[in-house]
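Handing you a structure now.
The values are calculated or read from the model by the stated rules, or taken from the named source; none is laboratory data. Keep in mind it's a predicted model, so treat the numbers as computed, not measured. As a convention, Cβ positions derive from the backbone with ideal geometry for all residues, glycine included, and neighbour counts pool all protein chains shown.
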Amino acid sequence: MHIKPLIEAGTRTLIEHVEELTALDAAIGDGDHGLNMKRGALAIQARYTELEGQSFNEALRTMGLTCMSTVGGSSGPVFGTLLVTLAKELPPRPRAADLARALEAGIAALSRLGKVEVGHKTLLDVLHPVQQVLAGHDPASGDDLVAKVRRCAHESAQATAQMDAIKGRASFLGERALGHVDPGSRSMALIIAAVCDTL
């Protein structure tokens, strides 16, 4: 799998949506999520030459470590841990079942890291439904898996608006957090959509 186009698409979409992500976070957080994600995207873009010379798994790990060292707030450890876990779990040419298993490991790692669960209004509420779509995919069905994953990620992120925030700054708002999409979930959905559009 050629990872460079996926990296370019994912980082570009985060930069293009910085204002949207900032506005989402300003409503229920401290307003820095968009800028933090942009900082991480730019740091990854600065390592394009290095990433081009790496294997699929090495590139995932490099991006994860880059997120951990450059992205502020909780987003750095969260997105970094996810990428590093995927680097460990995925084969070089992953299929849907491989992605499902790797995401399951990623969800478990993030649950331990943040002491969060599905339903707590975090990016797990995007990752888990997407993982379920991948795990339930029948290659013989003829379904457009990429389209299903893209749609699932978008709808799952939007659904976080109706969830109570259990962790983070948004949890202090109580019912006032209702009606607002979780910024991390939106970022995750944007990245997934960018990858899907590139495949």
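Checking the condition within 18 Å of the chain's Cα centre (by Cα), under 30 Å from Asp164 (Cβ atoms) and either assigned to a loop (DSSP other than H, G, I, E, B) or at pLDDT below 95 (or both), which residue from Asp30, Asp25 passes?
So the residue among Asp30, Asp25 that is within 18 Å of the chain's Cα centre (by Cα), under 30 Å from Asp164 (Cβ atoms) and either assigned to a loop (DSSP other than H, G, I, E, B) or at pLDDT below 95 (or both) is Asp25.
State whether the residues of the stretch 75-87 include one that is free of Cβ contacts under 8 Å to residues at least 40 places away in the same chain and not in a helix (DSSP H, G or I).
No, the stretch 75-87 has no match at all.
Kindly list, by first and then second residue, each pair from a residue in the stretch 106-122 that is in contact (Cβ under 8 Å) with a residue 60 or more places away in the chain to a residue that is part of a loop (DSSP other than H, G, I, E, B) and among the charged types (D, E, K, R), limited to pairs with Cβ atoms under 9 Å and residues at least 6 apart or on different chains.
Once the first residue is in contact (Cβ under 8 Å) with a residue 60 or more places away in the chain and sits in the stretch 106-122, its partners that are part of a loop (DSSP other than H, G, I, E, B) and among the charged types (D, E, K, R) give Lys121/Asp164; Lys121/Lys167; Lys121/Asp182; Thr122/Lys167; Thr122/Asp182.
Going by the structure shown, is Leu86 within 17 Å of the chain's Cα centre (by Cα) and either of a type in the set (Asp, Glu) or buried (at least 19 other Cβ atoms within 10 Å of the Cβ) (or both)?
Judged against the criteria, Leu86 is a match.
Right, here's the next one. Looking only at the stretch 35-54, decide whether some residue is touching a residue at least 12 places away in the same chain (Cβ under 8 Å), within 20 Å of Gln158 (Cα to Cα) and under 15 Å from the mean Cα position of the chain (by Cα).
Among the residues of the stretch 35-54, at least one is touching a residue at least 12 places away in the same chain (Cβ under 8 Å), within 20 Å of Gln158 (Cα to Cα) and under 15 Å from the mean Cα position of the chain (by Cα), which makes the answer yes.
Okay, next question. Give the residue, chosen from Ala135, Ala140, Ala100, Ala96, that is within 15 Å of the chain's Cα centre (by Cα), more than 21 Å from Leu21 (Cβ to Cβ) and surrounded by fewer than 20 Cβ atoms within 10 Å (Cβ to Cβ).
After applying the criteria, what remains is Ala100.
Related question: For the stretch 143-170, name all the residues that are closer than 18 Å to Pro183 by Cβ and surrounded by fewer than 14 Cβ atoms within 10 Å (Cβ to Cβ).
Within the stretch 143-170, Glu155, Gln162 meet the criteria.
Could we say that Glu20 is farther than 25 Å from Ala109 by Cα, assigned to a helix (DSSP H, G or I) and at pLDDT 95 or above here?
For Glu20, the condition - farther than 25 Å from Ala109 by Cα, assigned to a helix (DSSP H, G or I) and at pLDDT 95 or above - is met.
What number of residues within the stretch 112-124 satisfy the criterion of being surrounded by 16 or more Cβ atoms within 10 Å (Cβ to Cβ) and not hydrophobic (A, V, I, L, M, F, W, C)?
Selection size over the stretch 112-124: 4.
Give the residues of the stretch 4-42 that are farther than 18 Å from Met188 by Cβ and of a type in the set (A, V, I, L, M), sorted by residue number.
Ala26, Leu42
Looking at the stretch 184-197, is at least one residue over 24 Å from Lys38 (Cα atoms) and either at pLDDT 95 or above or of a type in the set (Lys, Arg) (or both)?
no
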